[in-house]
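Asker: I'd like to ask you about the structure that follows.
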Amino acid sequence: MRNAEIAAALDELGDLYELDGAVVYRVVAYRQAAQSVRDSPRSVEQLVRDGRATELPNVGKTLQEKLSVLLETGEIPQTVKLREKFPGELVRFMTIPGLGPKTARKIHEELGLTTLAELREAAAGERLRSISGLGPKAEQNIVAALDRMNDEGPRERFLLSAVLAIGEQIAEPLRAHPAAHRVEIAGSARRMADTCKDLDVIATADDATALTAAFGELEVIAEVRSSGEAGARGVTHNGLAVDFRVVEPDQFGNVLQHLTGSARHNVDLREHAVRRGLHVSEYGVEDDESGATHRCATEHEVYELLGLDYVEPELREGRGEIRAAIEHRLPELVTIDDLRGDLHCHTTLSDGRSTLEQMVEAARERGYSYLAVTDHSSSFGFGEDVQPADLERRIEEVAALNEKLKGFRVLAGSEVNIGTDGSVDYDAGVLKRLDWVVASVHSSFRMGRDRMTKRVMTAMENPLVDVIGHPTGRKLLRRAPYDLDIEQIVAKASDTGTMIEIDGHRVDHRPVIILTGTGRLADDLARQSPRPAGMIFVEVGDLVALGAAASGALATR
DNA sequence: GCCGTTTTCGGCCCGACTGTTTTCAGTCG
């Protein structure tokens, strides 16, 4: 069973327990355990079989046993039992905004409803108001929510790149406004989450009303849905909801911390605070002993008051970063300034939009010291294939260009296709003449986990392949990753010295993920042989993997 | 159901909003 399936089983049982009226802490425990499983870079099935699932955060003896039964029999007995008690779509009642477990259960017990269609009918027929606590308004909301769910499907999310671009179109003009002091993006966009459902912007100002009005008049804001003295909620032309708030300067740090989240991070942070006799809210940090509330102008003050190292927003996902902050072992994030070059780009030779010279010029402008040009190969298709003779010419162009360039190196490369049998689509003779070979899967995505894993591993065994391109094939919001065993791929990478690409364009992995200790890009890839030890790029979207990588566990595997 | 520089048992964030109530339970972020 894949981690995602095990996590789904835990989530389902958590939902059922919630309906059954279990104490919320038990329900929360199941959700946290599900998240831990989902986040784990290791095979949870294997951990369970080894009796070591308790090594995962929020998984204890009870869940180790339940998961063990799940793997043996395909079911958790409690789940089967509760499904009978709460049949049909009862669990889905709780997905309707405003409907929680208590109300859903009451509706089931008093009216015997089990499907969403029955629920809608009862609400439209004004039969829900017979239940105490429900009235006309609730009936209206339920009908509206169900109709919306039918029309629109699940809530739309937006790519981080789109949200950040919109964020700048909001923050920049507001920063220039005479009434503004600080304007910052908060929320999931500030955490660099790969997709966001809305955007939070907070500000300090001399005149909150004036700045709020200016927000409503921005070109990107299509409509203001609600507005007050110190903030407004608007929607952009492409449907992104934007919350804008103006706050007091001496609370800016508290509010920025609160709104940046994540929810899980804030819960962990506040639990840590309570253990120290402190209470954290968006308004300040209250001290039990003195009764005083400390207001913080900066986030650094918030974390310092709690005895924590400053946690970068990218790490605030509730994956163990509070503990790491206590123990002074938070990772150091790589920044744009750390990047020395780019090892995957396309030009007009295949499907790129710029010429070789333009790409090199752009790379130099960014302060890079190298660039590998890796156009598609001979079987790419779409009329953009690069036949061996074309590639030969490209190699000569690159050599000529390098003659002229000082302090910069262009690497002649290619992005070759990995065939279903793991072979690549240029002869060894051609590949040998290249400085840099990226091998990627571009076809037959649905061949299944075992065959796909074998296919990619076969390509990794090819000594002429330097790196596997976009190893999961995922396109955020557009295409699910193809099924392959990333753990085996990473282990293979260690054996063969093949690198694994971190693709910030299609985003196989979170873009902000590496830390010191895993080895950075070498200063000069021209001196790439022998490759520096530890220069393995691993899929690390979470602190568990980061921690392991920092201690060398992954780098030496 | 998890977990421990207060605890192996008894805790487990914080505040706002909504709709239904006559003072608050349930839900949400």
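Asker: In chain A, with Lys and Arg counted as +1 and Asp and Glu as -1 at Cβ, which of these residues, A:HIS294, A:SER188, A:ALA145, has the Cα nearest the positive end of the dipole, that is, farthest along it?
Answerer: Farthest along the dipole direction, towards plus: A:ALA145.
Asker: Determine the equivalent ellipsoid of the stretch A:378-442 by diagonalising the alpha-carbon gyration tensor, then write out the semi-axes as square roots of 5 times the eigenvalues, largest first, rounded to whole Å.
Answerer: Equivalent-ellipsoid dimensions as semi-axes: 24, 12, 10 Å.
Asker: Report relative contact order for the stretch A:1-116 in percent, whole number only (criteria: Cα-Cα under 8 Å, sequence separation at least 6).
Answerer: Answer for the stretch A:1-116 is 27 percent.
Asker: Now for a different question. Given the options A:ALA230, A:LEU305, A:ALA362, identify the residue whose Cα lies farthest towards the positive end of the charge dipole of chain A (+1 on Cβ of Lys, Arg; -1 on Cβ of Asp, Glu).
Answerer: A:LEU305
Asker: Calculate how many DSSP beta bridges within chain A are antiparallel, expressed in % of all such bridges and rounded to the nearest 5.
Answerer: Antiparallel bridges make up about 55 percent of those DSSP assigns within chain A.
Asker: Something else about it: What lysines could a cross-link reach from A:LYS66, if we take a straight Cα to Cα line under 17 Å and drop same-chain neighbours fewer than 8 places away?
Answerer: A:LYS81
Asker: Further, regarding this structure: In the stretch A:234-336, which GluC sites (Glu not before Pro) are in a loop and have at most 10 other Cβ atoms within 10 Å, using DSSP for the loop call?
Answerer: A:GLU289, A:GLU327
Asker: In whole Hz, what ³J(HN,Hα) sequence does the stretch A:8-19 give by Karplus (6.51, -1.76, 1.60; θ = phi - 60°), x for Gly and Pro?
Answerer: My calculation for the stretch A:8-19 gives 5, 5, 5, 4, 4, 5, x, 4, 5, 4, 4, 4 Hz in order.
Asker: Can you tally the net charge around A:LYS85? Count Lys and Arg as +1, Asp and Glu as -1, for every other residue whose Cβ sits under 13 Å from the Cβ of A:LYS85.
Answerer: It works out to a net charge of -2.
Asker: Which value in nm describes the separation of the simple spin-label points at A:ARG479 and A:HIS181, placed 7 Å from the Cα toward the beta carbon?
Answerer: Distance between the two pseudo-spin positions: 4.9 nm.
Asker: Tell me which residues come under 5 Å, amide H to amide H, from A:HIS181 once H is placed; ignore anything under 5 positions away on its chain.
Answerer: Counting only residues 5 or more places away or on other chains, the set is A:THR204, A:ALA205, A:ASP206.
Asker: Also: Return the FRET efficiency for the residue pair A:ARG366, A:ARG264: r is the Cβ-Cβ distance, R0 is 35 Å, and the value is rounded to the nearest 0.05.
Answerer: The computed FRET efficiency comes out at 0.50.
Asker: Using r as the Cβ-Cβ distance of A:GLU397 and A:ASN150, and R0 as 41 Å, what FRET efficiency do you calculate, to the nearest 0.05?
Answerer: The formula returns an efficiency of 0.15 here.
Asker: How large is the Rg to Rh ratio of chain A when both quantities use alpha carbon positions and Rh follows Kirkwood?
Answerer: In chain A, Rg relative to Rh is 1.00.
Asker: Excluding A:GLU172 itself, what net charge comes from residues whose Cβ is under 15 Å from its Cβ, given Lys and Arg +1 and Asp and Glu -1?
Answerer: Here the count lands on -2.
Asker: Using only DSSP helix segments of four residues or longer, with each worth -39500 (n - 2.57), what per-residue ellipticity at 222 nm results for chain A after dividing by its residue count and rounding to 500?
Answerer: My calculation for chain A gives -12500 deg cm²/dmol from helical runs alone.
Asker: Got the relative contact order for the stretch A:219-263 handy, in percent, Cα pairs under 8 Å and 6 or more residues apart?
Answerer: 24 percent
Asker: Based on Cβ point charges of +1 for Lys and Arg and -1 for Asp and Glu, what charge dipole magnitude is obtained for the stretch A:56-144 about its Cα centre, in debye rounded to the nearest 20?
Answerer: My answer is approximately 280 debye.
Asker: About the Cα centre, and with charges only on the beta carbon of Lys, Arg (+1) and Asp, Glu (-1), how big is the dipole of chain A? Nearest 20 debye, please.
Answerer: Taking the Cα centre of chain A as origin, the dipole is about 1180 debye.
Asker: Please compute the contact order of chain A in relative form: average sequence separation of alpha-carbon pairs under 8 Å and at least six residues apart, divided by the residue count, as a percent.
Answerer: Relative contact order, chain A: 8 percent.
Asker: Assuming R0 = 45 Å, can you tell me the calculated FRET efficiency for the pair A:ARG2 and A:ASP250, based on Cβ-Cβ distance, to the nearest 0.05?
Answerer: The formula returns an efficiency of 0.40 here.
Asker: For the stretch A:33-66, state which trypsin sites (Lys or Arg not before Pro) are in a DSSP loop and have at most 14 other beta carbons lying within 10 Å of their beta carbon.
Answerer: When the trypsin sites (Lys or Arg not before Pro) of the stretch A:33-66 are filtered for loop state and at most 14 Cβ neighbours within 10 Å, A:ARG52 remain.
Asker: Looking at the stretch A:310-412, which chymotrypsin sites (Phe, Trp or Tyr not before Pro) are DSSP coil and have at most 15 other C-beta atoms within 10 Å of their C-beta?
Answerer: Within the stretch A:310-412, the qualifying chymotrypsin sites (Phe, Trp or Tyr not before Pro) (loop, at most 15 other Cβ atoms within 10 Å) are A:TYR310, A:PHE382.
Asker: Could you give the dipole magnitude of the stretch A:162-259 about its Cα centre, charging the beta-carbon of Lys and Arg +1 and that of Asp and Glu -1, in debye to the nearest 20?
Answerer: Roughly 260 debye, rounded to the nearest 20.
Asker: Putting +1 on Lys and Arg Cβ atoms and -1 on Asp and Glu Cβ atoms, find which of A:MET499, A:ALA124, A:VAL44 reaches farthest to the positive end of the dipole of chain A.
Answerer: A:VAL44
Asker: So what's the gap between the Cα centers of the stretch A:473-498 and the stretch A:48-121, to the nearest angstrom?
Answerer: For the stretch A:473-498 versus the stretch A:48-121, the Cα centre distance is 31 Å.
Bear in mind that the values in this text are calculations on the coordinates, not laboratory data. Source: prediction; values computed, not measured. Because the Cβ atoms are built from the backbone with ideal geometry, glycine has one as well, and the counts that use them run over all protein chains shown.
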